[in-house]
Amino acid sequence: IKEFQYLLERSQQLFAGLRDLPPTGSQKQWQPYFKRTFEVYTKLWKFQQQHRAVLENKEYYGLKRVEIGEIASKIAQLYYHYYLRTSETNYLQESCIFYQAIHERNYFKETSDTKSSALMIKKLRYYARFIVVCLLLNHYETIKQLMEELNLLVDEYTKVFKPSDAAEWNVVITEISNFLEADKKLLPTDLDGHMLSVSSRLSIDKTPKLNKDGTPKLKLQEAILVGNHQNQMKFSELTLDMFRMLQLLEREPTSTDKSNSDNNDEKKENNEDQSNEKSDEKNSMRRINPHKYLLHRPSFGQLMLYITTAFKEISENSALLLFLSADGVKHIIKGEGQEGELQQGYSGGIATSTNPRKTEKNETSEQTALTHCLHPIDLVPFTRKPMFIIVDSNNSTAFKNIPRIFNAPLVSLMSPIEYPGNINDSAHSGGLFTLFLHSPIKAISFISDITEMAYDKWNECKNKIKEIENYISELYNAQATPTGNLDKSYKRFIQDDFLRQILVRYVLCCNILQFNEQFKEPSHYPSCNPPIPQSLIFDPQIKEKVKELITLMEVTDKYSFDDTQASANGSNSVPQTAS
């Protein structure tokens, strides 16, 4: 009993200490602490399994199932926090396994019988955390079941305890429901009404061989995902755009078999704890996915701190991706001469969060917006190392002319600055540009009003899109040769699987929007800097393959592949160039 109490107390101390770890910093700074915490929880979990009969005996200790559930929940949280630190999806899978075991074994069943508000809150928090993990793993059927149960629990909690935080729990339920609905409505159903499946994470069978020019291969190492759209759907500090980009920057997790047997499950969980600890140090030097910082509504100071930290971590042969999903801030230059030239770099960008209480009283709203804004010129010091910028905003094109002072690779991909009137705004469905990069088939279905499709045809469409993406990838290869016209920044960035997929989908997005009859104005198209050769973006074979895809999807009435119209649109639009 004393040994168990010691392990329990030690585990709780270490878990509480996780909050004190700095949110930024290299893996060497925080990994040893996580390792110690994992070791203690492994011992604790194994110990309570081996001595369960004694511990449950009321004469000795009287261990309750809810207490076992709390330990399992802490282990699940530990895996989840480790996933957030490392971006490795296998740890997310492990978190889900523990949460699932708690649910299957009804560890928190006693909370309803004991009529304890503190235990009920723990149960509600467990449900909310489990839903977040399922959401990141796209386990929608499980989420549906959990939401039904959470609704009943919140009702029970409100009726029995009449708590002061009842409204907050109803907000949690509303946020989850709205978030799921927004994501679900973009995905068609099959003929029986079931949601069709789509892969959200990177899955590449073979990385294409590129022409070697003597430079080391570039790798995406750090990513900063910013969500600051005022009204965009969010849940647990994740906006729709952040959620989609997060998955785009991860590989599919390796599958883990699940067992229905309690003993086998618990044995497996122990083995996983131990094996993961042994491999942590080995994997620390070789990340499969880029490390990510998720920033929901950061202030300017917070954003610059994280950019500075990420910049410090990368080398000349690794890249920083900066994803900015935010409302735009525009500023009209009023000065002339030298003053006007100085202001030119601060003519607006994207909004950062403000604290009304700290805003100067004599500041105008325009001054406040200008101060709490990330201007393109703010990023110049960080372009000393490879930087890949994606902007989804109504002022995205402000980032098209970032001065290229240093010789490091630098690319900006910018969303359309406006959309046709019948395309819903980003508040309810997320940014269309981000959606294209995340899942082209969902984006095409959305702008083509496809709500239903036969399962087999859906798979054909997914295969067709894969075929188009592979072809575009080959075009990049061809343009990356010494005789090709591809800018040297793209030549470096296509060496990384994640950045390559983003660049491929950018080209696909340009083509789909170019042929869709709703998108007619130059402002309806995405843009990039430096320019991608028009011969690549508007390759005739891409057009033919897209035409086959649209025919397969049976939405040819919404697209026009007329050469004269495409040519006219192409001459005025922005997709090919940044001008």
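The values are calculated or read from the model by the stated rules, or taken from the named source; none is laboratory data. Computed from a predicted model, the values in this text were never measured in an experiment. Cβ sites come from the backbone with ideal geometry, for glycine too, and all protein chains shown count toward neighbours. Calculation scope for accessible area: heavy atoms of the full protein, side chains included, ligands and nucleic acids excluded. Shrake-Rupley method; radii C 1.70, N 1.55, O 1.52, S 1.80 Å.
Going through 31, 50 one at a time, which residue ends up being touching a Ser or Thr at 6+ places or on another chain (Cβ under 9 Å) and farther than 27 Å from residue 157 by Cβ? None of the others qualify; the one that does is 31.
So residue 575 ticks every box in (1) open to solvent by less than 20 Å² (accessible area, probe 1.4 Å); (2) part of a loop (DSSP other than H, G, I, E, B); (3) at pLDDT 95 or above; (4) not charged (D, E, K, R) but one. Which box is left unticked? Residue 575 satisfies all of (1) open to solvent by less than 20 Å² (accessible area, probe 1.4 Å); (2) part of a loop (DSSP other than H, G, I, E, B); (3) at pLDDT 95 or above; (4) not charged (D, E, K, R) except (3).
Restricting to the stretch 148-160, name every residue that is open to solvent by less than 20 Å² (accessible area, probe 1.4 Å) and of a type in the set (A, V, I, L, M). Outline the logic, then answer.
Here is the first cut: in the stretch 148-160, the ones open to solvent by less than 20 Å² (accessible area, probe 1.4 Å) are 150, 153-154, 157.
Across the stretch 148-160, the qualifying residues are 150, 153, 154.
Residues that are out of contact with any Ser or Thr (no Cβ under 8 Å at 6 or more places or on another chain), within 21 Å of residue 553 (Cβ to Cβ) and charged (D, E, K, R) do occur in the stretch 496-507.
I'd like to know if the stretch 110-125 contains one or more residues that are open to solvent by less than 10 Å² (accessible area, probe 1.4 Å), at pLDDT below 95 and closer than 30 Å to residue 199 by Cβ. Looking through the stretch 110-125, none of the residues is open to solvent by less than 10 Å² (accessible area, probe 1.4 Å), at pLDDT below 95 and closer than 30 Å to residue 199 by Cβ.
Between 236, 203, which is surrounded by fewer than 13 Cβ atoms within 10 Å (Cβ to Cβ), modelled with pLDDT under 90 and of a type outside the set (A, V, I, L, M)?
On the way: 236 fails: surrounded by fewer than 13 Cβ atoms within 10 Å (Cβ to Cβ).
Result of the check over 236, 203: 203.
Note on the stretch 375-389: among residues that are touching a Ser or Thr at 6+ places or on another chain (Cβ under 8 Å) and open to solvent by less than 20 Å² (accessible area, probe 1.4 Å), the one that is nearest to residue 432 (Cα to Cα) is 389. Remark: pairs (first residue in the stretch 123-138, at positive phi; second residue assigned to a helix (DSSP H, G or I); Cβ separation under 9 Å; 6+ apart in sequence or on different chains) = 138/247. Restricting attention to the stretch 411-430, the residues being at pLDDT below 95 and crowded, with 22+ Cβ neighbours inside 10 Å number 3. Remark: pairs (first residue in the stretch 1-25, over 30 Å from residue 307 (Cα atoms) and open to solvent by 40 Å² or more (accessible area, probe 1.4 Å); second residue modelled with pLDDT of 95 or more and part of a helix (DSSP H, G or I); Cβ separation under 6 Å; 6+ apart in sequence or on different chains) = 10/40.
Residue-wise test of (1) open to solvent by less than 10 Å² (accessible area, probe 1.4 Å); (2) in contact (Cβ under 8 Å) with a residue 60 or more places away in the chain.
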residue: 75; (1), (2): yes, yes
residue: 84; (1), (2): no, yes
residue: 91; (1), (2): no, yes
residue: 97; (1), (2): no, yes
residue: 103; (1), (2): no, no
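If I filter the stretch 477-493 for residues that are under 17 Å from residue 244 (Cβ atoms) and either more than 22 Å from the chain's Cα centre (by Cα) or not polar (S, T, N, Q) (or both), do I get at least one hit? Within the stretch 477-493 (the criterion being under 17 Å from residue 244 (Cβ atoms) and either more than 22 Å from the chain's Cα centre (by Cα) or not polar (S, T, N, Q) (or both)), the answer is no, since none of the residues qualifies.
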